[in-house]
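*Asks:* Below is one structure. I have some questions about it.
Just so it is clear, none of the values below were taken in a lab; they were calculated from the coordinates. The structure displayed is predicted, hence computed values, not measured ones. Counting neighbours? That spans all protein chains shown, and the Cβs are built from the backbone with ideal geometry, glycine included.
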Amino acid sequence: MAPRSSWFKPKPIGSVRMKNGYRYVKVAEGRWEYEHRFVMECLLGRKLATWEEVHHKDEVKVNNVLGNLELKDSVEHGRYHYYAVGVTT
Ligand SMILES: [Zn+2]
C-alpha cells in the first residue's frame, strides 16, 4: 500500500499533456489532473475543494509557475473575470 500522501510530489510521474488548452499532469496510472490545480495543491499541501479555483494572473492558462497562480473561490473568480472583461452594466 502506498502512503496516503504518495500523490503529493512536485513531479508526479513526469508526463504532461495538453488538452482543451490546459496542461495536465499524470498523477497516477490512468489519472490526470490540471497542472495549475496540482501545483497549487502541492503549495498548500492539501487537495483543493471543488469551490476553489486557481487563477492565472497573466491569463495564460499554460503558464503554471507558482508566481502566476492565485487561489480564489469560484464566486470571487467568476466576478473577477466578469469585471475584467469590462462589462459595465
Ligand atoms: Zn482566472
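*Asks:* Count, please, the residues in the range 27-37 that happen to be part of a strand (DSSP E or B) and surrounded by fewer than 17 Cβ atoms within 10 Å (Cβ to Cβ). Lay out the reasoning, then the answer.
*Replies:* Within the range 27-37, the first condition is being part of a strand (DSSP E or B), and the residues that meet it are 27-28, 31-34.
Next, only the ones that are surrounded by fewer than 17 Cβ atoms within 10 Å (Cβ to Cβ) stay: 28, 31.
Number of matching residues: 2.
*Asks:* To continue, here is another question. Looking at the range 47-82, which of its residues are among the aliphatic types (A, V, I, L, M), more than 10 Å from the ligand (Cβ to nearest atom) and within 11 Å of the chain's Cα centre (by Cα)? Talk me through it step by step, then tell me what you get.
*Replies:* Within the range 47-82, the first condition is being among the aliphatic types (A, V, I, L, M), and the residues that meet it are 48-49, 54, 60, 62, 65-66, 69, 71, 75.
Applying the additional criterion that residues be more than 10 Å from the ligand (Cβ to nearest atom) yields 48-49, 60, 62, 65-66, 71, 75.
Hits for the range 47-82 are L48, V62, V65, L66, L71.
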